[in-house]
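Visitor: Handing you this structure, nothing more for now.
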Amino acid sequence: MNNQFKNPIIEEDELEEEPEIKLKKPKIKEATPESKSSTVGFFKKVFTEGGVSKEAATEMLPFLLFISFLCMLYIANSHMAMKNIRDIDKLGKEVKELSWEYKSLKADLMFKSKLTEVAKKVDTLGIKELTEPPKKIMMTSNEH
């Protein structure tokens, strides 16, 4: 019973040597004053020799102004959106702070309105808690 998926082990001596691959180094052109001025020459060539004529550029001027106006609107809109986000975050933090303040004041009020706390406060005024139940005052209807 042979394992058909088993790869045979190849001895190191049997391995063939791979040929070496030599890469050519690309030649880098040195920057010359002529190449720097070629970009300026390119733009001169485009505008003078026919890529874009003066008449075509003046005809495109309203469209370019419209596009620049739209870009300014886009930038202003993003600034307003960021300002609104900052304001919303600030208001959210303020709401959380006020909520915690409300909860702490409510807890203090509940503590101070307990019977024992009220009795301690009014004891300094000379008022004492009743030890006997209140008496009913009965009036007859003839006494009016």
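Visitor: So, K121, is that one in a loop (DSSP other than H, G, I, E, B), of a type in the set (D, E, K, R) and without any contact (Cβ under 8 Å) to a residue 12 or more places away in the chain or not?
Guide: So K121 fails the test.
Visitor: Could you give every pair whose Cβ atoms fall below 9 Å, whose first residue belongs to the range 54-81 and is in a helix (DSSP H, G or I), and whose second residue is not small (G, A, S), counting only separations of at least 6 or pairs across chains?
Guide: Partner pairs satisfying both residue conditions: K54/F47; A57/F47; A57/L64; M60/V52.
Visitor: Specify the residue that is nearest to the chain's Cα centre (by Cα); the eligible residues are those in the range 112-129 that are surrounded by 10 or more Cβ atoms within 10 Å (Cβ to Cβ) and of a type in the set (A, V, I, L, M, F, W, C).
Guide: If we take residues in the range 112-129 being surrounded by 10 or more Cβ atoms within 10 Å (Cβ to Cβ) and of a type in the set (A, V, I, L, M, F, W, C), then V118 is nearest to the chain's Cα centre (by Cα).
Rule-based calculations on the coordinates, nothing more; no lab input. Given the structure is predicted, the values throughout are model-derived calculations rather than measurements. When we count neighbours, we look across all protein chains shown, and the Cβ atoms used for this are built from the backbone with ideal geometry, even at glycine.
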